[in-house]
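Student: I have a structure here, written as structure tokens, and I will follow up with some questions on it.
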Amino acid sequence: MWPMLNSPWARAAAGANTFDADSGTVLPTVYERTNAAAASAGAVNLGQGFPDRDGPQWLRQAAAEAITEPDVGPTNQYSPGIGLPVLRQAVADHQARRYGLTLDPDTQVMVTTGATEGIAACILAFASPGSEVLTYEPWYDSYGALAALAGAQLVTVPLRAPVFRPEVEALISRISERTSMILLNTPHNPTGSVFTAEELERIVAAAAAHDVVVMCDEVYEHLVFGESAHTPVLAVPGAEKVALGISSAGKAFSLTGWKVGWVTGSAELVNRVRGVKQFLTFTSGPAYQWAVAQGLDDDRGFFDENRAELESHRDLLVSGLAAAGLEPTVPQAGYFVLADISGVTDLPADEFCLRLAARAGVGAIPVSALTGQHEASAELDRLVRFAFCKDRSTLEQAIRRLSEGIGRAAA
Ligand code: PMP
């Protein structure tokens, strides 16, 4: 028999709640499970966060031309491991224009295969075996998997309903000699919270005082609504010594399948992450990198249009969920609304989601799939995540089905 529980794959799967200890097998991720349940029930799927509609045609055209036109853009062969120079420059320029950051594109920007690879490389670079990795809960599922893969233990502090503000003192109080990293995510998936500059500053200062690396996942940076504003971690005083920012083109351009991400930070920290990344994928597809560089240089108004549309879809879904008897919170950013199901059912959220797909025809994700086991789990277990990055007609159909079928799902 294989040493299952100690093998990296089993640790990673267990860290993301996808390991079935009874059978010793890895289950699909919660997103794949929800997609499958929704598909087999013919449900409107508000589970996984991907848009119904692809991002800009001109951007897709740029990628297509880079592949088929020998005189346009890069070749189709391996790009440099650290990423195409044109994309690293575009990332540096984007960070300078938007946030006033100064980054050397040759040493302080590294391209990754989606933010997912950036997250993996950062955690494997800094989370030493036996150490603790601190994060807020619920978390993006790869954090748990990668901390486990690194042999580290995930220590979490809950973001509490209904406002989901990061309790900074609670996080800082959990820093110990064993802490190797803090994983932040702002704008936050799934709560939609946007951390303030002041909150980030306090966390970074505490991390610096304890020699702890801060990884900040900022993939929703372009999807912030209303008066809220995104602060990249690297804009915070002192961050250059301890922090790495991660972002990606997927959410920014509604092209989640493209998997082009980047890691930014001091030359020293980025170099450490590069040490891992070069043996994960080595390099990513040049055509997508080439196109993303053009989009970052000039988004042709897409960021604003997309944000405005998403905000109106958020409002539509929030009112639809409330009308169906759920208690949604209004997210400041991102793709998702969390809704408390206590008003309609006593069922645990995972069971409710299965019934919601089968009996009401709407796919959604239980927040419990994005949490661990501790005292806040019961509270978080009342929450279901619905994606609003869908077409208006999809959302209207989901809302109709919810209003008609929620009683059947709740029973
Ligand atoms: N971080 C967060 C918080 C996300 O929600 C996602 C995508 N769902 C990712 C990272 C992964 O980004 P990418 O597709 O670029 O790998």
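The values are calculated or read from the model by the stated rules, or taken from the named source; none is laboratory data. Just so it is clear, the model here is predicted, and its values are computed rather than measured. When we count neighbours, we look across all protein chains shown, and the Cβ atoms used for this are built from the backbone with ideal geometry, even at glycine. Note: areas computed on protein heavy atoms with side chains; ligands, DNA, RNA excluded. Shrake-Rupley method; radii C 1.70, N 1.55, O 1.52, S 1.80 Å.
Student: Quote the convex hull volume per residue of the chain, based on C-alpha atoms, as a whole number of Å³.
Tutor: In the chain, the Cα convex hull volume per residue is 142 Å³.
Student: For the chain, with a Gaussian network of springs between Cα atoms less than 10 Å apart, report the residue from 113, 135, 102 with the top mean-square fluctuation.
Tutor: Fluctuation is largest for 102.
Student: Just add up the charged neighbours of residue 253: K/R +1, D/E -1, any other residue whose Cβ is under 10 Å from the Cβ of residue 253.
Tutor: So the environment of residue 253 carries a net charge of 0.
Student: Helix-only mean residue ellipticity at 222 nm, the chain, DSSP H runs n ≥ 4 weighted -39,500 (n - 2.57), per residue, nearest 500. What is it?
Tutor: About -12500 deg cm²/dmol.
Student: Treating the beta-carbon of each Lys and Arg as +1 and of each Asp and Glu as -1, no other charges, what is the dipole magnitude of the chain about its Cα centre, to the nearest 20 debye?
Tutor: 580 debye
Student: While we're looking at this one, here's another question. To the nearest 0.05, what FRET efficiency results for residue 21 and residue 58 with a Förster distance of 35 Å applied to their C-beta separation?
Tutor: Result of the calculation: an efficiency of 0.10.
Student: Among 159, 380, 101, determine the one that fluctuates most according to a GNM of the chain built with springs between C-alpha atoms less than 10 Å apart.
Tutor: 101
Student: Based on Cα coordinates alone, diagonalise the gyration tensor for the range 204-307, multiply each eigenvalue by 5, take square roots, and list the semi-axes in whole Å, largest first.
Tutor: Taking √(5λ) for each eigenvalue gives 25, 20, 10 Å, largest first.
Student: A further question follows. Based on the alpha-carbon gyration tensor of the range 57-297, what equivalent-ellipsoid semi-axes (square roots of 5 times the eigenvalues) come out, in whole Å, largest first?
Tutor: 30, 19, 16
Student: Find out how many positive minus negative residues lie around residue 59, taking Lys and Arg as positive, Asp and Glu as negative, among other residues whose Cβ is under 12 Å from that of residue 59.
Tutor: That sum, taken over residues with Cβ under 12 Å, equals -3.
Student: At 7 Å along the Cα-to-beta-carbon direction for both residue 67 and residue 198, put a label point, then send me their distance in nm to one decimal.
Tutor: 4.9 nm
Student: Take the alpha-carbon centre of the range 68-106, take the same for the range 135-184, and report the distance between them in whole Å.
Tutor: That distance is 32 Å.
Student: Carbon and sulfur atoms: what percent of the 1.4 Å accessible area of the range 93-176 do they account for?
Tutor: 54 percent
Student: Residue farthest toward the positive end of the dipole of the chain, with Cβ of Lys/Arg at +1 and Asp/Glu at -1: which of 28, 212, 276?
Tutor: With unit charges placed on the Cβ atoms, the residue in question is 28.
Student: Right, something else. Among DSSP bridges having both ends in the chain, what percentage is antiparallel? Round to the nearest 5.
Tutor: Taking every DSSP beta bridge with both residues in the chain, the antiparallel ones total about 50 percent.
Student: Return the single residue from 126, 279, 19 with maximal mean-square fluctuation; model: Gaussian network over the chain, springs between Cα atoms under 10 Å.
Tutor: For the chain, modelled as a Gaussian network with Cα springs under 10 Å, the answer is 279.
Student: Once the other residues with Cβ under 12 Å from the Cβ of residue 313 are scored (Lys, Arg +1; Asp, Glu -1), what is the net sum?
Tutor: Taking every other residue near residue 313 into account, the sum is -1.
Student: Related question: Which percent of the accessible area of the range 265-411 is formed by carbon and sulfur heavy atoms (probe 1.4 angstrom)?
Tutor: Carbon plus sulfur share of accessible area: 49 percent.
Student: Ordered by residue, what ³J(HN,Hα) values in Hz, to whole numbers, does the range 138-152 give under the Karplus form 6.51 cos²θ - 1.76 cosθ + 1.60, where θ = phi - 60° and Gly and Pro are x?
Tutor: Along the range 138-152, the couplings run x, 10, 5, 4, 5, 5, x, 5, 6, 4, 5, 4, 6, x, 9 Hz.
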